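Participant: Just dropping this structure here.
Every number here is computed from the coordinates shown, using simple stated rules; none is lab data. Here the structure is a predicted model, which means the values were calculated and not measured. Every residue, glycine among them, receives a Cβ derived from its backbone with ideal geometry; neighbour counts consider all protein chains shown.
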């Protein structure tokens, strides 16, 4: 299923992130997703998230597909040049993957192999253009593909918390021009700021899915504020979480996320949940948010 | 020493668009030696621009455009003529263009491409400001190089990783793309960022075919 079909049906689309393991025991990662089968429209499989070496997105996507769970394959420009990227796009089609999410990717310096060569032969806009060309039957070298061309729904990302915001929006416009059909955002905690962002991009007429990161602790919120670009958890939310006894933290955290989802629901066309190991709590959050 | 080649005149004219009044600037250092700058470059480019209907508000030759102090002192005497111009066309390497951009609040158009040194590093031995990519993009980025100032060398705008104007890999390093955005906003050229830039041709970074035929071209003395 192409994700765009869900948006076209007028559905409020819910996706969640799946991080493949660092090691080959992938069964338990996938088993955990069973509880989400009927709650989530599709699963984003990350591509060496945070530049940490692990199982790849393509293989994991195919394993999801085998279980009848809809995958969104993330593709970053960090590790492969245009030959590798285009080849993996064809491989994705061969494996039955219908949704690709194109990103620049974190710099290798941020991960567990900081000495690695950063590739970035293409940027995210150029990657989208290249995939679009493959969908029209041509590779970047101008050569024809044999037989029927691949067909995908292409997604991209945007950071509504970036300052200044305008360069992000200009790049978002280019991504739409290059073929992006939907957007997922960095984690959102400030509803007003998100609303202002949505106002600025409504001319693009493209579905936007707000990012939701479940807060595991006040320390995690403070860490993200200090270290993750474009994420700002307001003090009010941190205090709300810090104000309850430790054994009540999980419940409070889920309550905060559910409230955010309810507040964001009217502003966007879907949400993308990044649960970072808390996949088991997603059904509860969704239920509390009214889904 | 940096090696340069003249950009095709059509490319220069395309980037000038409807700008009529041009201040022409050339480097008398490496670009003179390459035959792409100096007196020769100034007069040839001046003639081409006039042929295309442009008005030259003034010209200036600076010994080393890579030297910001020299550029500042020399250009301060030409400010009247620079102010009359819509933009500046510069015959120099990628560093020279960036040095001019850094001291004058005018749109700067490079007229040369900086190409591989073929092993001959000289006055500016490092590639931290100019990687000699062979396809100078400083024109549309407001005189700040996206290849060297962005850690990922992105051509179409910032990634999502910058925080407080700094790069995701180093909180003390400026985000090149935010600098580019601010610069283009200052010179009124934000529309430059709307066009999708196509992927780079990395073969343009290689030394010439001739040089690459031997493995040790840079240390051989044979002429």
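Participant: Defining a contact as two alpha carbons under 8 Å apart and six or more residues distant in sequence, what relative contact order in percent does region A:3-288 show?
Facilitator: Values: 505 pairs, mean separation 50.8, N = 286.
Across region A:3-288, relative contact order equals 18 percent.
Participant: Given all pairs of different Cα atoms, what value in angstroms does the Kirkwood hydrodynamic radius of the protein assembly as shown take? Please report the intermediate quantities before stating the final value.
Facilitator: Working: mean 1/r = 0.0399 Å⁻¹.
Radius from the Kirkwood sum: 25.1 Å.
Participant: Cα axis of helix A:124-135 to longest principal axis of chain A: angle in degrees, 0 to 90, nearest 10?
Facilitator: So the inclination is approximately 50 degrees.
Participant: How many percent of DSSP beta bridges within chain A run antiparallel, rounded to 5? Walk me through the numbers on the way to the answer.
Facilitator: On the way: 1 of 33 bridges.
Within chain A, antiparallel bridges account for around 5 percent of the total.
Participant: Okay, moving on. Efficiency by 1/(1 + (r/R0)^6): what FRET value for residue B:173 and residue A:66, r their Cβ-Cβ distance, R0 = 51 Å, to the nearest 0.05?
Facilitator: Numbers: r = 44 Å, r/R0 = 0.86.
The formula returns an efficiency of 0.70 here.
Participant: Output the relative contact order of region A:50-169, whole-number percent, from Cα pairs under 8 angstrom with separation of 6+ residues.
Facilitator: Values: 173 pairs, mean separation 32.5, N = 120.
Relative CO of region A:50-169 lands at 27 percent.
Participant: Cα axis of helix A:82-94 to longest principal axis of chain A: angle in degrees, 0 to 90, nearest 10?
Facilitator: For A:82-94 against chain A, the angle is about 80 degrees.
Participant: Among bridges DSSP assigns within the protein assembly as shown, what percent are antiparallel (round to 5)? It would help to have the intermediate numbers written out before the result.
Facilitator: On the way: 8 of 56 bridges.
Once the DSSP bridges in the protein assembly as shown are tallied, antiparallel ones form about 15 percent.
Participant: Between region B:70-112 and region A:1-56, what is the C-alpha centre distance in whole Å?
Facilitator: Spelled out, the Cα-based centre of one part sits 52 Å from the other.
Participant: Follow-up. Taking 51 Å as R0, compute the FRET efficiency from the Cβ-Cβ separation of residue B:69 and residue A:251 and round it to 0.05.
Facilitator: Working: r = 64 Å, r/R0 = 1.25.
Once rounded, the FRET efficiency stands at 0.20.
Participant: Using label points projected 7 Å from each Cα along Cα→Cβ, tell me how many nm separate residue B:43 and residue B:166, to one decimal.
Facilitator: Distance between label points: 5.2 nm.
Participant: Could you tell me the calculated FRET efficiency between residue B:203 and residue A:138, based on Cβ-Cβ distance and R0 = 22 angstrom, to the nearest 0.05? The partial results should precede the final answer.
Facilitator: Numbers: r = 20 Å, r/R0 = 0.92.
After rounding, the FRET efficiency stands at 0.60.
Participant: Sort B:187, A:125 so the one with the fewest other Cβ atoms within 10 Å of its own Cβ comes first.
Facilitator: Going from least to most buried by this count: B:187, A:125.
Participant: Follow-up question, since we're still on this one. So how tilted is helix A:218-227 from the main axis of chain A? Cα-based, degrees 0 to 90, rounded to 10.
Facilitator: Its long axis makes an angle of about 40 degrees.
Participant: In a GNM of chain B with a 10 Å cut-off on Cα contacts, which of B:160, B:53, B:38 has the highest mean-square fluctuation?
Facilitator: Of B:160, B:53, B:38, the most mobile in the Gaussian network model is B:160.
Participant: Quick one: of the DSSP bridges fully inside chain B, what percent are antiparallel, nearest 5? Intermediate values should be presented prior to the final figure.
Facilitator: Values: 7 of 23 bridges.
DSSP beta bridges in chain B are roughly 30 percent antiparallel.
Participant: For residue A:146, project a label point 7 Å along Cα to C-beta. Then give me every residue of region A:97-115 with its amide nitrogen under 20 Å of that point.
Facilitator: Backbone N within reach: none found.
Participant: Could you list A:50, A:38 so that the one with the fewest beta carbons within 10 Å of its beta carbon is first and the one with the most is last?
Facilitator: Numbers: A:50 12, A:38 7.
Sorted ascending by nearby Cβ count, the order is A:38, A:50.
Participant: Report the full-extension gain for the segment residue A:81 to residue A:226: residue separation times 0.36 nm, less the Cα-Cα distance, to one decimal in nm.
Facilitator: On the way: separation 145, 0.36 × 145 = 52.20 nm, distance 3.20 nm.
Roughly 49.0 nm would be gained on extension.
Participant: Something else now. Decide, for region A:110-186, between rounded, prolate and oblate: order the square roots of the alpha carbon gyration tensor eigenvalues as a ≥ b ≥ c, take rounded if a/c falls under 1.5, and otherwise choose prolate if a/b is larger than b/c, else oblate. Let's see the in-between values first.
Facilitator: Details: a/c = 2.43, a/b = 1.39, b/c = 1.75.
Note, shape of region A:110-186 comes out oblate.
Participant: Report the convex hull volume per residue for region B:3-206, counting only C-alpha atoms, in Å³. Present the calculation step by step, with values, prior to reporting the outcome.
Facilitator: Values: hull volume 24.3 nm³, N = 204.
Hull volume over Cα atoms, normalised by residue count, gives 119 Å³.
Participant: Counting other C-beta atoms within 10 Å, which of A:255, A:27, A:247, A:5 has the fewest, and how do the rest follow?
Facilitator: Placing the least packed residue first, the sequence is A:247, A:27, A:5, A:255.
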